[in-house]
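K.L.:
Here you go, one structure.
The values are calculated or read from the model by the stated rules, or taken from the named source; none is laboratory data. Every value quoted in this text rests on a predicted model; they were computed, and no experiment measured them. Here the Cβ positions follow ideal geometry from the backbone for every residue, glycine too, while neighbour counts run over all protein chains shown. Please note that ligands, DNA and RNA were not included when accessible areas were found on the heavy atoms of the full protein model with its side chains. Shrake-Rupley method; radii C 1.70, N 1.55, O 1.52, S 1.80 Å.
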Amino acid sequence: MVGHFQSILESEGIRTEVRNEGGSSLAGEVPFTQVFPELWVIEPEDTERAKQLIETYLAEDSRSSATLKPWTCPNCAETVTAELAECWNCGTPFPTP
Ligand SMILES: [Zn+2]
C-alpha cells in the first residue's frame with residue numbers, strides 16, 4: 001500500500017522515501033501523514049500537493065470499491081466491467097446515482 005502511494009507521488013515528480021517505523025529522521029524532512037507514517041515526502045514544498053494526490057486517489061478508490069459489480073451502459077446497453085469508469089464501447093461515463 002505504501003509502495004503504491006509512493007509510485008503515485010513519484011509519477012508526479014514528488015520525491016518520497018519509505019521509512020520503517022521508528023527509524024531515525026533527518027533534518028528537513030516532513031512526516032507525510034499520520035495515516036501513512038512510513039511514507040515521507042522529501043521536499044517540504046511538495047507536501048500539500050502530495051496530500052491532495054493521495055486524497056484524490058483514496059476518494060476514487062472508495063468509489064470504485066463501492067461499485068465492484070459490472071454495470072450496464074445507459075447509452076448502448078453494453079455490460080462494462082467495474083474497473084472501467086466509462087463504457088468501453090461508446091465512452092459514456094459511469095452513471096452516478
Ligand atoms: Zn456504451
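K.L.:
Would a scan of segment 81-91 turn up a residue that is open to solvent by 70 Å² or more (accessible area, probe 1.4 Å), modelled with pLDDT under 85, within 16 Å of the ligand (Cβ to nearest atom) and not small (Gly, Ala, Ser)?
P.N.:
Yes, segment 81-91 has at least one match.
K.L.:
Could you please let me know if Glu21 is at pLDDT below 80, more than 16 Å from the ligand (Cβ to nearest atom), of a type in the set (Asp, Glu) and open to solvent by 60 Å² or more (accessible area, probe 1.4 Å)?
P.N.:
Yes; evaluated as a whole, the condition is true for this residue.
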